[in-house]
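The values are calculated or read from the model by the stated rules, or taken from the named source; none is laboratory data. Quantities reported herein were computed from a predicted structural model and do not represent experimental measurements. Note that we place each Cβ from the backbone using ideal geometry, even for glycine, and neighbour counts take in every protein chain shown.
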Amino acid sequence: MVKTLTLNLGTVRAMQTPYQPGWYVNPSTGQRYYYDGKQWYIYAAGLLTALGYMNPAPKQVTLSPGDRLQVTLGFQYTGPAISQVLSRYAVGVYGALGFSEMLVGTPTFNVPASNTPIAVTNSYVFTIPTGVGSNWTSIYVKIWGGTPDIGGSEQSPAQIFGYQDALIIVGAQVNITNFTIADFVKV
Amino acid sequence: MAGTYTEIVEVQAPDEAAAGDTVNVAVGIANRWSSAIHIYCVGVLDSESRFINWQDAWVNPGETHYFNGSFVMPGSDVTINAYSYFEGSDGYLYLDDSKTKAVRVATAPTPSITNFRIADYAKA
């Protein structure tokens, strides 16, 4: 006997592409997102964080309280000299709600004028505190502003890049794993 | 077109300069007469600002003398107007030749950033 399955798909509408700038809400989770015409952002804890900026870490650096971590950003640049580019370096926890910053550095730096692409770098050094969490394993950097302005703002930076699980924190907290009876024998 | 006694052979200045840059100008004036004459030069920016202000020199026949001046490039294109005068036997100055040169304001390049990344991270 053959049974017939009837599906009611309701009203089907073509997906709107490209998306228009504005706020969007995931109806299942209530999570709010913002699209500025180029980049999607997730809204959490009053901050907009760009989606898709975190990358798998190419290596893992092991750190303990008291250690110093130097993070260096880099990019290719052409254009006029720019003074006081604003930057934000962060170490923290990256998860479903985005990036929770635990350590932050906000240095400024200058960029020289160049008509051909040049490599620009800037660094910031964190000191790992005694209260470091074992899940403070991700890092990101972002830049914006300057004179003349490269665009963006702290909430919607001109450039942003991060590495997920880039750090291994040891010695921060008591950490016992694989607790078992290793053996039992007649003695 | 040369004047009767003098000729502005060239107005040396860049074709383009960025706003705020100092633009150096040299006006070369040749003596076309058969004896030395007293030449005066005036350089005016857009008929408003005189940046070569009645500089003078005695110039031998056939020789060219350069009169120098400079100005700060404004935020728009400008025209340099150069004038040569000679001093007549009556002691008066007579306008004899003129030449112009345009200087464009350089368009500021737009900042361009590519390949933004964390270049490195390591224990310091």
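A few notes on this one:
- When B:Thr107 is tested against (1) at negative phi; (2) part of a strand (DSSP E or B), only condition (2) is not met.
- Cβ-Cβ contacts under 9 Å between residues 6 or more apart (or on different chains), taken from a first residue in the stretch B:104-124 that is more than 7 Å from chain A (Cβ to nearest Cβ) to a second residue that is surrounded by 18 or more Cβ atoms within 10 Å (Cβ to Cβ) and not in a loop (DSSP other than H, G, I, E, B), are listed as B:Arg104/B:Ala17; B:Arg104/B:Val78; B:Val105/B:Ala17; B:Val105/B:Val78; B:Ala106/B:Ala17.
- If only residues of the stretch A:162-179 that are surrounded by 15 or more Cβ atoms within 10 Å (Cβ to Cβ) and part of a loop (DSSP other than H, G, I, E, B) are counted, the one that is nearest to the other protein chains (Cβ to nearest Cβ) is A:Ala166.
- Only one of A:Gly74, A:Gly66 that is among the small types (Gly, Ala, Ser), exposed (fewer than 14 other Cβ atoms within 10 Å of the Cβ) and closer than 30 Å to B:Lys123 by Cα: A:Gly66
- Among the residues of the stretch A:114-136, those identified as out of contact with any Gly (no Cβ under 7 Å at 6 or more places or on another chain) and of a type outside the set (S, T, N, Q) are A:Pro117, A:Ile118, A:Val125, A:Pro129, A:Gly131, A:Val132, A:Gly133.
- Within the stretch A:60-97, being charged (D, E, K, R) and within 26 Å of A:Val170 (Cβ to Cβ) holds for A:Asp67, A:Arg68.
- Pairs, first free of Cβ contacts under 8 Å to residues at least 40 places away in the same chain in the stretch A:113-127, second not aliphatic (A, V, I, L, M), C-beta under 8 Å, six or more apart: A:Ala113/A:Gly79; A:Ala113/A:Pro80; A:Ser114/A:Tyr77; A:Ser114/A:Thr78; A:Ser114/A:Gly79; A:Asn115/A:Thr78; A:Asn115/B:Pro109; A:Thr116/A:Thr78
- Residue check for A:Leu51: modelled with pLDDT under 80, under 30 Å from A:Pro148 (Cα atoms) and aliphatic (A, V, I, L, M): yes
- Selection status of A:Thr177, at pLDDT below 90, β-branched (Val, Ile, Thr) and farther than 20 Å from A:Val93 by Cα: yes
- For B:Pro61, the test of being modelled with pLDDT under 95 and either assigned to a strand (DSSP E or B) or farther than 17 Å from B:Lys99 by Cβ (or both) is failed.
- Among the residues of the stretch B:17-45, the one identified as loosely packed, with under 13 Cβ neighbours inside 10 Å and either part of a strand (DSSP E or B) or in contact with a Ser or Thr (Cβ under 9 Å, 6 or more places away or on another chain) (or both) is B:Thr22.
- Some residue of the stretch A:113-122 being crowded, with 18+ Cβ neighbours inside 10 Å, within 17 Å of the chain's Cα centre (by Cα) and not β-branched (Val, Ile, Thr): no
- Within the stretch A:149-161, one or more residues are under 30 Å from A:Pro80 (Cα atoms), assigned to a loop (DSSP other than H, G, I, E, B), touching a Gly at 6+ places or on another chain (Cβ under 7 Å) and within 13 Å of another protein chain (Cβ to nearest Cβ).
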